[in-house]
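Only one structure is covered here, and it is reproduced in the block below.
The values are calculated or read from the model by the stated rules, or taken from the named source; none is laboratory data. Keep in mind that what you see is a predicted model, and the values were worked out from it rather than measured. For neighbour counting, all protein chains shown are included, and Cβ atoms are generated from backbone atoms with ideal geometry for every residue, glycine included. Protein only, heavy atoms only, side chains kept; ligands, DNA and RNA dropped before computing areas. Shrake-Rupley method; radii C 1.70, N 1.55, O 1.52, S 1.80 Å.
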Amino acid sequence: MRMRIEPEDDFLHPVEDASNFNESRYYNWFDPGVGMGGWVRMGNRPNEGYAEMTVCLYLPDGRIAFMFK
């Protein structure tokens with residue numbers, strides 16, 4: 001089965017009636033020159049009246065920095 005992604009797939013979806021409807025965006029990266037990478041998730045919960053964010057950084061010394069709000 002071949003998956004086809006359309007340009008409109010990058011747009012926000014219509015808000016559904018589910019009380020826990022969630023629209024998320026993810027961004028990830030890695031810089032081999034520095035030895036550091038990470039990812040960010042932003043989630044919008046319009047039916048619950050708030051948004052949330054998660055950040056995870058993989059640091060060059062092997063530690064991980066993580067934050068959720």
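At 1.4 Å probe radius, can you tell me the per residue accessible area of the chain in Å²?
84
Return the ratio Rg/(2.2 N^0.38 Å) for the chain, where Rg is computed over Cα atoms only.
1.45
Within region 46-69, what residues put their amide N at less than 13 Å from the label point 7 Å along the Cα-to-Cβ vector of ASP31?
Answer for this model: 58-60.
With every protein chain present, what accessible area does VAL55 have (1.4 Å probe, heavy atoms only), rounded to the nearest 10 Å²?
Taking all protein chains as shown, VAL55 has close to 30 Å².
Counting pairs of alpha carbon atoms under 8 Å apart in space and at least six apart in sequence, what relative contact order in percent does the chain give?
Contact order relative to length: 22 percent.
Spin-label point model (7 Å from Cα, Cβ direction): what's the MET1 to GLU16 distance in nm?
About 1.7 nm, to one decimal.
Probe 1.4 Å, all protein chains in place: accessible area of ILE5 in Å², nearest 10?
For ILE5, solvent-accessible area is about 120 Å².
Taking loop as defined by DSSP and a crowding limit of 16 other beta carbons within 10 Å, which GluC sites (Glu not before Pro) in the chain fit?
GLU16, GLU48
Roll a 1.4 angstrom probe over the protein heavy atoms and tell me the percent of accessible area of region 12-69 that is carbon or sulfur.
Reported share for carbon and sulfur atoms: 59 percent.
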